[in-house]
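**Q** Next up is a structure, given as C-alpha cells.
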C-alpha cells in the first residue's frame, strides 16, 4: 500500500463520513428529543429516495425541483407520523415504540417492493457523480462526495442554530429535558415532538437526495442505513449533533482503511472500530445526556 | 353577586383506587390571596394540578371567570390565564435562565409582564441570564420558576410549596412579592405546608384533610388552635 493511495482513501473516508452524518443527524434528534430509536429511519430515507426517483424519472422533474417538492412532503410526513402514530405509544414502555417502528420498517419495505419492484436504482445527477477535483500530491476528490460533506456540515450547523437560537428550538430542548414539566407549565409536548419529527423528515429528505445519486439503492437498503446512522449517533454521543458528524467520519475512515487491507474488510472494519470505541467510551465522544 | 375569578365546585380527583380529592368547593377572587393548607397527602398538589388540567378530573366543575374549563388542555388553560409554579420548581435544567423565562411568555397571554419586569424584580437573575438553570442555587431556581409563571401574564397564579427547602431569607423575598401581585389584581392560590407563613399572607384559607375541605375562613377570625386541630384531623 503506498502513501498516496492511503491518503486518498482517508480523504474518501472522511467525505463518505459526511453521508453517514446526514443519515445520523435525524436519528440523533429522534433519540435525543423523543428518546426512542426509530427502527424505520433507514427505510424512510429509502422511501424518500423512491419518491425522488418517481418525481425525476416518471414526472421528468429536474432533481433540484424534485427535492424542493419532496422537502415539504417530508416535513409534513414526519409531523403526521409522530403526531398520529408514534405519539400513541410514547411513554408506554420501550418495547411498544420499538415494535411500532419495526413494523413501520417492514411496511415501508414491502410497499416499495410491491410498487417499484426489487431492482437496484440510482438517480442521475447529470454528470456530477463522476466529476473530480485533482489535488496536488495525486489526491483526487469527487465533486459529489465533497458536496455531500459540505451539505452535512451546513445541515448540522443549521440544526444546531435552530435548536439553540430559536423559540421552537428552546421548546424542543425543554421537552427533551423534562417532558412532564413541559406539559405541566403549558407546553404542548405532542405538538413539539411532531415538529421535531418534521425536522427529522427534512434531514431524511436531504440524506435521500444525496444518497440516491451517489449510491445504488433498492427497497431493502434501509436497515444498512439505520445501522450506519445508529453507530454514528452512539459514537458521537447521544444528542450531540457535531459528535454525530465526527462519528460518521470515524466510520467512513475506518471503512476506507479496512478496504485498503482487504476489500471484504470494508464494512467489518467500520463495525469493529465502532465496537472498540463503544467498549472504551460507551457514553460516546461528546455526550449531551 | 359577581362571578369569582376561580370557582371550583364539587371537585373530585381519582388516581386509580386512590381518591385524592373528594367534592372540594373553593373560590378565589381577583386580587385575593387564598391559602390552602394541609398535611402531606391531603390533596393540595392534586388540587392545583386539577385546576391547570393536568390531573384527571373525575367530577365537579372548574370555572375561570365563569367559563367552564372542562375538556381544555393544560396549554389552553395556561393561555386562558392560569399559571402554575410547580412543586419542586420543575425548570428545564439545560436551558438558560432567559430561555426558561421565555417559555412562560410563549405559553401564556400577552400582557404587561416582560423579561425586563422579571429582571427588575429579581436583579440576580439578570446577571445569570445566560447560565443553564441547573447551575443556579435552589433560591435562584425558585425565582426563575416564579418569573416563568409571571411571564405568562396570569390572572390566577397557583404556587405549590414555593418555600420548600429554601433559606428563610429567600422565602421572605418570595413572600414579599405575593401581596404586590395581588395588588395588581392577580388572584393567588397558595399551597404551603408552612402554616404560619401561608396564613400570614392570606386573605382567606382552606384546610384540606384527606381530600376534603374541613375548615375555611379568614386567618384573623379563626383561632390558631382550631386551625391546628383541623390540620391534623383531631
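**Q** Go through the residues of the stretch A:126-140 one by one and say whether even a single one is part of a helix (DSSP H, G or I) and either away from chain B (no Cβ under 14 Å) or surrounded by 15 or more Cβ atoms within 10 Å (Cβ to Cβ) (or both).
**A** The initial filter retains those residues of the stretch A:126-140 that are part of a helix (DSSP H, G or I), namely none.
No, that holds for no residue.
**Q** Another question about this same structure. Hey, can you tell me all the residues within the stretch B:69-89 that are under 15 Å from residue A:187 (Cα atoms) and part of a loop (DSSP other than H, G, I, E, B)? Explain how you work it out, then say what you get.
**A** Residues of the stretch B:69-89 under 15 Å from residue A:187 (Cα atoms): B:72-86.
If the condition is that a residue be under 15 Å from residue A:187 (Cα atoms) and part of a loop (DSSP other than H, G, I, E, B), then B:72, B:73, B:81, B:86 are the ones that fit.
**Q** Then there is this: Going through the stretch B:134-155 one residue at a time, which ones are in contact with a strand residue (DSSP E or B) (Cβ under 7 Å, 6 or more places away or on another chain) and either within 11 Å of chain A (Cβ to nearest Cβ) or surrounded by 24 or more Cβ atoms within 10 Å (Cβ to Cβ) (or both)? I'd like the intermediate steps shown before the answer.
**A** Start the filter on the stretch B:134-155 by keeping residues that are in contact with a strand residue (DSSP E or B) (Cβ under 7 Å, 6 or more places away or on another chain), which leaves B:145-146, B:149, B:152, B:154-155.
Within the stretch B:134-155, B:145, B:146, B:149, B:152, B:154 qualify.
**Q** Still on this structure: Looking for whichever is closer than 30 Å to residue A:167 by Cα, modelled with pLDDT of 95 or more and within 12 Å of chain A (Cβ to nearest Cβ) here; the options are B:81, B:53. Which one fits? It would help to see each step written out before you state the result.
**A** Working: B:53 fails: modelled with pLDDT of 95 or more.
Only one candidate passes the filter, namely B:81.
**Q** Based on what the data block shows, is residue B:161 on the phi > 0 side of the Ramachandran plot, in contact with a strand residue (DSSP E or B) (Cβ under 8 Å, 6 or more places away or on another chain) and in contact (Cβ under 8 Å) with a residue 40 or more places away in the chain? Break it down into steps so the answer makes sense when it comes.
**A** On the way: on the phi > 0 side of the Ramachandran plot: yes; in contact with a strand residue (DSSP E or B) (Cβ under 8 Å, 6 or more places away or on another chain): yes; in contact (Cβ under 8 Å) with a residue 40 or more places away in the chain: yes.
Spelling it out, residue B:161 is indeed on the phi > 0 side of the Ramachandran plot, in contact with a strand residue (DSSP E or B) (Cβ under 8 Å, 6 or more places away or on another chain) and in contact (Cβ under 8 Å) with a residue 40 or more places away in the chain.
Conditions (1) farther than 25 Å from residue B:233 by Cβ; (2) in a strand (DSSP E or B), marked per residue:
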| site | (1), (2) |
| --- | --- |
| B:2 | yes, no |
| B:9 | no, yes |
| B:13 | no, yes |
| B:21 | no, yes |
| B:24 | no, yes |
| B:30 | yes, no |
| B:41 | no, no |
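**Q** For residue A:84, which of the numbered conditions (1) surrounded by fewer than 24 Cβ atoms within 10 Å (Cβ to Cβ); (2) touching a strand residue (DSSP E or B) at 6+ places or on another chain (Cβ under 9 Å) fails to hold?
**A** Just one mismatch for residue A:84, condition (2).
**Q** Mind checking which strands (runs of 3 or more DSSP E) fall wholly inside the stretch B:135-234 and carry at least 3 residues that are touching a helix residue (DSSP H, G or I) at 6+ places or on another chain (Cβ under 8 Å)?
**A** It comes to B:156-160, B:187-192, B:204-209.
**Q** Could you check the stretch A:174-183 and list, in sequence order, the residues that are closer than 15 Å to residue A:31 by Cα and either more than 9 Å from chain B (Cβ to nearest Cβ) or surrounded by fewer than 22 Cβ atoms within 10 Å (Cβ to Cβ) (or both)? Outline the logic, then answer.
**A** Let us first name the residues in the stretch A:174-183 that are closer than 15 Å to residue A:31 by Cα, namely A:174-179.
A:177, A:178, A:179, listed by residue number.
**Q** Assess whether residue A:186 counts as being farther than 24 Å from residue A:72 by Cα and either at pLDDT 95 or above or within 14 Å of chain B (Cβ to nearest Cβ) (or both). I'd like the intermediate steps shown before the answer.
**A** Working: farther than 24 Å from residue A:72 by Cα: yes; either at pLDDT 95 or above or within 14 Å of chain B (Cβ to nearest Cβ) (or both): yes.
Yes: the conditions hold for residue A:186.
**Q** Is it the case that the stretch A:193-209 has a residue that's over 19 Å from the mean Cα position of the chain (by Cα) and within 14 Å of chain B (Cβ to nearest Cβ)?
**A** Going residue by residue through the stretch A:193-209, those that are over 19 Å from the mean Cα position of the chain (by Cα) are none.
No, the stretch A:193-209 has no match at all.
For (1) assigned to a helix (DSSP H, G or I); (2) within 16 Å of the chain's Cα centre (by Cα), each residue gets a yes or a no:
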| site | (1), (2) |
| --- | --- |
| A:5 | yes, no |
| A:13 | yes, no |
| A:19 | yes, yes |
| A:36 | no, yes |
| A:48 | yes, yes |
| A:57 | yes, no |
| A:68 | yes, no |
| A:85 | yes, no |
| A:103 | yes, no |
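**Q** Okay, moving on. Mind checking which residues of the stretch B:174-213 are under 17 Å from residue B:232 (Cβ atoms) and free of Cβ contacts under 8 Å to residues at least 60 places away in the same chain?
**A** B:194, B:196, listed by residue number.
**Q** Further question on the same structure: Consider the stretch B:121-133. How many of its residues are away from every other protein chain (no Cβ under 14 Å) and either assigned to a loop (DSSP other than H, G, I, E, B) or touching a helix residue (DSSP H, G or I) at 6+ places or on another chain (Cβ under 8 Å) (or both)? First the steps, then the outcome.
**A** Taking the stretch B:121-133 as the starting set, the residues that turn out to be away from every other protein chain (no Cβ under 14 Å) are B:121-128, B:131.
From what is left, the residues that are either assigned to a loop (DSSP other than H, G, I, E, B) or touching a helix residue (DSSP H, G or I) at 6+ places or on another chain (Cβ under 8 Å) (or both) are B:121-122, B:124-126, B:128, B:131.
Going through the stretch B:121-133 one residue at a time, the tally reaches 7.
**Q** A further question follows. Under 6 Å between Cβ atoms, at least 6 apart or on separate chains: pull out the pairs that start in the stretch B:214-234 with a residue that is closer than 14 Å to residue B:38 by Cα and end on any residue that is part of a strand (DSSP E or B).
**A** B:214/B:207; B:215/B:207; B:216/B:206; B:230/B:207; B:230/B:214; B:230/B:215; B:231/B:207; B:233/B:209
**Q** Could you tell me which residue of the stretch A:111-125 is nearest to the chain's Cα centre (by Cα), considering only residues that are assigned to a helix (DSSP H, G or I) and surrounded by 13 or more Cβ atoms within 10 Å (Cβ to Cβ)? It would help to see each step written out before you state the result.
**A** At the first step, the residues of the stretch A:111-125 found to be assigned to a helix (DSSP H, G or I) are A:111-116.
Subsequent filtering for residues that are surrounded by 13 or more Cβ atoms within 10 Å (Cβ to Cβ) retains A:111-113, A:116.
Working: A:111: 21, A:112: 19, A:113: 22, A:116: 23 Å.
Residue satisfying both the conditions and the ranking: A:112.
**Q** Here's something else I'd like to know. In the stretch B:90-120, what count of residues is obtained for those that are within 12 Å of chain A (Cβ to nearest Cβ), under 24 Å from residue B:49 (Cβ atoms), touching a residue at least 40 places away in the same chain (Cβ under 8 Å) and not in a helix (DSSP H, G or I)?
**A** Qualifying residue count, the stretch B:90-120: 6.
**Q** Only one of (1) away from chain B (no Cβ under 14 Å); (2) buried (at least 24 other Cβ atoms within 10 Å of the Cβ); (3) not in a helix (DSSP H, G or I) is not met by residue A:149, so which one is it?
**A** For residue A:149, the failing item is (3).
**Q** With respect to residue A:193, is the statement that it is in a helix (DSSP H, G or I) and touching a residue at least 24 places away in the same chain (Cβ under 8 Å) true?
**A** Judged against the criteria, residue A:193 is a match.
The values are calculated or read from the model by the stated rules, or taken from the named source; none is laboratory data. Every value quoted in this text rests on a predicted model; they were computed, and no experiment measured them. Every residue, glycine among them, receives a Cβ derived from its backbone with ideal geometry; neighbour counts consider all protein chains shown.
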